[in-house]
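This report refers to the structure that appears directly beneath it.
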Amino acid sequence: MKHILVTGGAGFIGSHFVRYMLEKYPDYAINMLDKLTYAGNLSNLSDVQECYGPLERYHFFQGDICDPTSVKEAMQGCEYVLNFAAESHVDRSLEHPGHFIMTDVYGTYVLLEQARKEHIERFVQISTDEVYGEILSGNAGEDANVIPRSPYSASKAGGEFIAQAYFVTYGLPVIITRGSNNFGPFQHPRSLFRFS
Ligand SMILES: NC(=O)c1ccc[n+]([C@@H]2O[C@H](COP(=O)([O-])OP(=O)(O)OC[C@H]3O[C@@H](n4cnc5c(N)ncnc54)[C@H](O)[C@@H]3O)[C@@H](O)[C@H]2O)c1
C-alpha cells in the first residue's frame, strides 16, 4: 500500500481528488490534513469517511500546514504529498493578505521542509494560472512571465518559487501545476460567484 498526504482535502478540488484516488486506486491510502477554515467542509467527504475509514485507507488529521507538528504527524509514512491547501479566494485576499501569505507561502515551506526530511518521492504543489496575471488574448505557455496581480496570486507564486527552490537546491522531486478556474459540486459559493 502506498500512502499519500493530501492537504486541503476538505475543500472543493481536494475532496474530488481524495474520492477519485480511493475509488480508482485500491493500492493507495490517504492521510488528509485540513485546518477546516470557512472554505473546508468535512461533509464534502462524508461518503469517503464512511466507505474507506474502516478499511484504514483514509485518515483525517485536523491541523494547519503552518504547524510543523501537525505536518510531521500527518506526513509520517507517506511516499507522496499533494498540497491543495490554500487560502484560495481572490476577493478575500484583498481584505486579508497576511492570511494568504501565511498559508500559501509559509505553509508550503513547512510542508516542503518536512517532505525533505521524510525523503518524499513526489511533492505536487497545486498552483494556479493566476500567477501569469492577466492574459488578454491567446494563452500562456509554461515559460510565460509570472506577473501576479492580487495578494492571492502573489502568494501562490511565492509558494511555487519556494517549491522550485527545494527542487533545485535539495533535489526534492517537485511538480507544480497551474490549473485554470474550475467549477462544480462542493465548490464554496463565494468562489463560484467570481464567475458571474
Ligand atoms: N478552484 C479553482 O478554480 C482553482 C483554480 C486553480 C488552482 N486552484 C488551486 O487549487 C487548490 C484547491 O482549490 P479549491 O478551490 O479546492 O480551494 P478551497 O478554498 O475550496 O479549499 C481549500 C482547503 O484548504 C484548507 N486550508 C486552508 N488553509 C489551510 C491551512 N493553513 N492548513 C490546512 N488546511 C488549510 C481549507 O480548510 C479548505 O479545505 C488551491 O491551492 C488553489 O489555489 C484552484
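The values are calculated or read from the model by the stated rules, or taken from the named source; none is laboratory data. Please read these numbers as outputs of a predicted model, since none were measured by experiment. Positions of Cβ are generated from backbone atoms using ideal geometry, with glycine treated the same way; all protein chains shown enter the neighbour counts. Ligands, DNA and RNA are excluded from the accessible area calculation, which covers all protein heavy atoms including side chains. Shrake-Rupley method; radii C 1.70, N 1.55, O 1.52, S 1.80 Å.
Residues that are in contact with a strand residue (DSSP E or B) (Cβ under 9 Å, 6 or more places away or on another chain) and basic (Lys, Arg) within segment 140-196 comprise Lys156, Arg178, listed in sequence order. Does segment 46-62 contain any residue that is touching a residue at least 60 places away in the same chain (Cβ under 8 Å) and more than 8 Å from the ligand (Cβ to nearest atom)? Scanning segment 46-62, I find no residue that is touching a residue at least 60 places away in the same chain (Cβ under 8 Å) and more than 8 Å from the ligand (Cβ to nearest atom), so the answer is no. Of all residues in segment 5-40, those being within 8 Å of the ligand (Cβ to nearest atom) and of a type in the set (Phe, Trp, Tyr) number 2. Contact map, segment 170-183: residues that are open to solvent by less than 70 Å² (accessible area, probe 1.4 Å) paired with residues that are of a type in the set (Ser, Thr, Tyr) and within 15 Å of the ligand (Cβ to nearest atom), Cβ distance under 7 Å, separation 6+ or inter-chain. Pairs shown: Ile176/Ser127; Thr177/Ser127; Gly179/Thr128. As a summary of the residue check, Tyr166 satisfies the conditions (1) open to solvent by less than 70 Å² (accessible area, probe 1.4 Å); (2) under 16 Å from Phe84 (Cβ atoms) except for the one numbered (2).
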